[in-house]
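J.: Just dropping this structure here.
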Amino acid sequence: MDNIVYLIFRRMRRPLITLVLVYALSILGLVLIPGQDDAGNPWHMDFFHAFYFVSYMSTTIGFGEIPYAFNDAQRLWVTVSMYAGVIAWLYAIGTILALVQDKTFQRAIEESRLAKQIRSLKEPFFLVCGYGETGSALVKGLTEAGQHAVVIEINEQRSNAIRLESLRDYVPTLHGDAQKPVLLQEAGLQHPLCQAVVAVTNDNKANLKIAITSKLLHPDIRVICRADSRDIEKNMASFGTDFIIDPFDTFANYLSIAIKAPCLYLLQSWLFSGAEHALLHDPIYPPKQKHWIICGYGRFGKALYERLKKSDIEVIVIEATPEITGEPPEGVVRGRGTEANTLLQAKAESASGLIAGTDDDANNLSIVVTARELNPNLFFILRQNHSDNSAIINAVNADMVMQPSKIIAGKINARLTTPMLSEFMSMANKQENEWACELVSRISALVGHRAPLIEEINIDCSHASAVYEILNQGGRVILKDLLRHPWKRRVNLKIIALMIKRQNQNILLPGDDTELEIHDRILFCAENHSLSRLYWNLQNENILSYARLGRVEKHGWLWSKFSKKT
Amino acid sequence: MNPEKVVFGFFIVLALTLNFGFFVGEIENPNHHHVYELFAVVVVNLIATILKFGDRSQMGAVLLATSLVAILQLVAATLVWMTAVHITQIGLTPTVTASIVSLSGGAMLANVISVILLIIETVMMRR
């Protein structure tokens, strides 16, 4: 706000001084020029009348000559004053109008308005730096999960685009460079309700700077960063960045899980699908009998190369410029992979899988199409660099599509909205494939082919008041009670409890008769309607008592008084 | 040399000198206090105030404050003068003149403070 006042005053100096001078000269002239009163006596206008006359003269013109008719000398002076006065007024008003239309001025107003809005936020929010493909997917996911976000974006077009997107929540968007500490502070970095800073700009250095700034200015805050290189990753980790995501490494990890335990991969992709009502993937079975071909030995290619090698799969790398990217010990096949002879050199006709992993979508598509002609049975993994290309990428129908922005957004989203899910997944990764297959078939029986909802519930007085009340009075609630239908208790809700977290233990897939304790955190995987019914059980004592015992036990205050007496 | 400082210095000193010119003389004698001088003092003080608009420095803010005080006093003085001469038409009696001149005296004190501040600022800047 200060900024705006100063801007107006600074700009208005000159027009105001002009106005004062013109008024002063006009008044002085009128006072000095001798006139006559109605009786013809010599008369001098006094300052009071002169000020009155000048005031209405330059604003309205044509009020008449007061208090006595003017003589010619006075009229001459008034003529000059009129023009000067009108010009001075136009100048002053024009300056104000120009100021209102001025870009810097508008931005100053906009900024102070946003800063005020952010200061007055009353609910927890996340600060997202960078509204590119990753940022927009992340903000969409966060708002759909009922969370709030504040965005900083350097590109004005994209920061304006956020208003056109139909997000569920209003997202304050600051336009500017998130590397500037002032902007981060304005966006609420030091706000007590700021939950985490997420740095997902496309610039590694910027992400690093944001992480440093955030940790220095608000040491307790969680910082989540995107990093595309190991150096940056190490640097970020060195000052306590809480969660660093390398999309390439993450995907390579997914692939190795998919090769080792297809069901586990399916479970992961279902639980992390993020978007509500998304269609679920079919299971995939990456083959491992014969060799794989990796086109492009950049960051993505290297990450995949390492993982495939660890899974004892033979790999042939195709790379156009090995002098820049480096090459694996076995050497590379030189070329881009878009032409048939390079693919033939890499023995595409006898390979089992192909990864089109260059940073150019057109080349990747061309690689897949060419290779499919040579060997239609290949398992294709396609890297998609821009989300705009989704239509053509989908048309190629590759077995797996790797889209960095989606991977990052999905992971961050899960981490921010359901932190237990990541813990669950890391415990699940230690289980056998059969365990995952069983869980997958249970989930698919619940939800059909739509993505399940993942919800974390805290057993405390605000989120599960009914359960809390019973436990507090020494009662006993088992998990099965919660999962009964609130109106037909013999019917079970379509919900699976994935994990219960207590002070020092995590119970993976707790049994139906697990007894709940106060401050348990339960991770549910649910079908949409069942989730809202679960809330009835959690919050309404009568309904919970029906679900537990088959009858309503507690009554209103008046009724319980009444029933005691009788 | 900063032209902004020259212009402001000129106006604030001029405001003080004009005000002094209006103020000196017998306090009750309207012949010693000409209305033209009061007019000039008001105009020059207005300009000096506007010149400090939008100055974000500490000194600028204090100078704006003292100028505003001077304007307030002078407006009060002109209102007294206007009421006496035009509205109640009792004319410039000794009481009225005394109150006008004492109000302008207050404005002069504010102007003196402005000038002192200006001098301090000038002395502090060793360039």
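The values are calculated or read from the model by the stated rules, or taken from the named source; none is laboratory data. Please read these numbers as outputs of a predicted model, since none were measured by experiment. Glycine also receives a Cβ, built like all others from the backbone with ideal geometry; neighbour counts cover every protein chain displayed.
J.: Take the conditions in contact with a Cys (Cβ under 7 Å, 6 or more places away or on another chain), without any contact (Cβ under 8 Å) to a residue 40 or more places away in the chain, assigned to a helix (DSSP H, G or I) and not assigned by TED's automatic domain parsing to the domain that holds residue A:413 and apply them to residue A:237. Does it pass?
T.: Working: in contact with a Cys (Cβ under 7 Å, 6 or more places away or on another chain): no; without any contact (Cβ under 8 Å) to a residue 40 or more places away in the chain: yes; assigned to a helix (DSSP H, G or I): yes; not assigned by TED's automatic domain parsing to the domain that holds residue A:413: yes.
So residue A:237 fails the test.
J.: Taking region A:153-170 on its own, how many of its residues are within 14 Å of residue A:128 (Cα to Cα) and touching a helix residue (DSSP H, G or I) at 6+ places or on another chain (Cβ under 6 Å)?
T.: Residues flagged as within 14 Å of residue A:128 (Cα to Cα) and touching a helix residue (DSSP H, G or I) at 6+ places or on another chain (Cβ under 6 Å) within region A:153-170 amount to 1.
J.: Take residue A:55 and decide whether it is free of Cβ contacts under 8 Å to residues at least 60 places away in the same chain, touching a Ser or Thr at 6+ places or on another chain (Cβ under 9 Å) and surrounded by 12 or more Cβ atoms within 10 Å (Cβ to Cβ).
T.: On the way: free of Cβ contacts under 8 Å to residues at least 60 places away in the same chain: yes; touching a Ser or Thr at 6+ places or on another chain (Cβ under 9 Å): no; surrounded by 12 or more Cβ atoms within 10 Å (Cβ to Cβ): yes.
It is false that residue A:55 is free of Cβ contacts under 8 Å to residues at least 60 places away in the same chain, touching a Ser or Thr at 6+ places or on another chain (Cβ under 9 Å) and surrounded by 12 or more Cβ atoms within 10 Å (Cβ to Cβ).
J.: For region B:88-97, state whether one or more residues are under 13 Å from the mean Cα position of the chain (by Cα) and of a type in the set (S, T, N, Q).
T.: No, because not a single residue in region B:88-97 is under 13 Å from the mean Cα position of the chain (by Cα) and of a type in the set (S, T, N, Q).
J.: Something else now. Is it the case, given these coordinates, that residue B:7 is facing chain A (nearest Cβ under 10 Å), surrounded by fewer than 16 Cβ atoms within 10 Å (Cβ to Cβ) and either touching a helix residue (DSSP H, G or I) at 6+ places or on another chain (Cβ under 9 Å) or closer than 20 Å to residue A:9 by Cβ (or both)? Break it down into steps so the answer makes sense when it comes.
T.: Working: facing chain A (nearest Cβ under 10 Å): yes; surrounded by fewer than 16 Cβ atoms within 10 Å (Cβ to Cβ): yes; either touching a helix residue (DSSP H, G or I) at 6+ places or on another chain (Cβ under 9 Å) or closer than 20 Å to residue A:9 by Cβ (or both): yes.
In short, yes.
J.: Of A:116, A:103, which residue is in contact (Cβ under 8 Å) with a residue 24 or more places away in the chain and of a type in the set (Lys, Arg)? Steps first, answer last, please.
T.: Numbers: A:103 fails: in contact (Cβ under 8 Å) with a residue 24 or more places away in the chain.
Exactly one residue qualifies, and that residue is A:116.
J.: Let me ask you something else. With region A:399-509 as the region, which helices (runs of 4 or more DSSP H) entirely inside it contain at least 2 residues that are of a type outside the set (Phe, Trp, Tyr) and under 29 Å from the mean Cα position of the chain (by Cα)? Even if it seems obvious, please write down each step before you answer.
T.: On the way: elements: A:404-417, A:419-428, A:433-447, A:465-472, A:479-482.
Output list reads A:404-417, A:419-428, A:433-447.
J.: Looking only at residues in region A:218-257 that are among the basic types (Lys, Arg) and modelled with pLDDT of 85 or more, which one is surrounded by the fewest Cβ atoms within 10 Å (Cβ to Cβ)?
T.: Looking only at region A:218-257, we keep the residues that are among the basic types (Lys, Arg), and these are A:222, A:226, A:230, A:234.
Checking which are modelled with pLDDT of 85 or more leaves us with A:222, A:226.
Values: A:222: 18, A:226: 29.
If we take residues in region A:218-257 being among the basic types (Lys, Arg) and modelled with pLDDT of 85 or more, then A:222 is surrounded by the fewest Cβ atoms within 10 Å (Cβ to Cβ).
J.: If residue A:183 passes every condition in (1) surrounded by fewer than 22 Cβ atoms within 10 Å (Cβ to Cβ); (2) free of Cβ contacts under 8 Å to residues at least 24 places away in the same chain; (3) touching an Asp or Glu at 6+ places or on another chain (Cβ under 7 Å); (4) of a type in the set (A, V, I, L, M) but one, which one does it miss?
T.: (2)
J.: Oh, and also: Working only within region A:315-346, note down all residues that are at pLDDT 85 or above and touching a His at 6+ places or on another chain (Cβ under 9 Å).
T.: Once the filter is applied, which keeps residues that are at pLDDT 85 or above and touching a His at 6+ places or on another chain (Cβ under 9 Å), region A:315-346 yields A:315, A:316.
J.: Could you identify the single residue in B:38, B:79, B:103 that is assigned to a helix (DSSP H, G or I), farther than 19 Å from residue A:31 by Cβ and among the hydrophobic types (A, V, I, L, M, F, W, C)?
T.: Values: B:38 fails: farther than 19 Å from residue A:31 by Cβ; B:79 fails: farther than 19 Å from residue A:31 by Cβ.
Going through B:38, B:79, B:103 in turn, the sole match is B:103.
J.: I've got another one for you. Give me the residue from region B:16-51 that is in contact (Cβ under 8 Å) with a residue 40 or more places away in the chain and within 13 Å of chain A (Cβ to nearest Cβ) and, out of that set, farthest from residue B:122 (Cα to Cα).
T.: Per the stated criteria, the residue is B:35.
Rundown of residues vs (1) under 14 Å from residue B:108 (Cα atoms); (2) in contact with a strand residue (DSSP E or B) (Cβ under 6 Å, 6 or more places away or on another chain); (3) facing another protein chain (nearest Cβ under 9 Å), yes/no style:
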{"residue": "B:53", "(1), (2), (3)": "no, no, yes"}
{"residue": "B:58", "(1), (2), (3)": "no, no, no"}
{"residue": "B:67", "(1), (2), (3)": "yes, no, no"}
{"residue": "B:70", "(1), (2), (3)": "yes, no, no"}
{"residue": "B:76", "(1), (2), (3)": "yes, no, no"}
{"residue": "B:80", "(1), (2), (3)": "no, no, no"}
{"residue": "B:86", "(1), (2), (3)": "no, no, yes"}
{"residue": "B:94", "(1), (2), (3)": "no, no, no"}
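J.: Being surrounded by fewer than 19 Cβ atoms within 10 Å (Cβ to Cβ), under 25 Å from residue A:132 (Cβ atoms), in contact with a strand residue (DSSP E or B) (Cβ under 8 Å, 6 or more places away or on another chain) and in contact (Cβ under 8 Å) with a residue 12 or more places away in the chain, is that true of even one residue in region A:386-399?
T.: yes
J.: Could you figure out which of (1) within 20 Å of the chain's Cα centre (by Cα); (2) surrounded by 20 or more Cβ atoms within 10 Å (Cβ to Cβ); (3) part of a helix (DSSP H, G or I); (4) without any contact (Cβ under 8 Å) to a residue 60 or more places away in the chain isn't true of residue A:215?
T.: Only one criterion is unmet by residue A:215, namely (2).
J.: Next up: Go through (1) surrounded by fewer than 23 Cβ atoms within 10 Å (Cβ to Cβ); (2) more than 11 Å from chain A (Cβ to nearest Cβ); (3) touching a Lys or Arg at 6+ places or on another chain (Cβ under 7 Å) for residue B:63 and report which single condition fails.
T.: (1)
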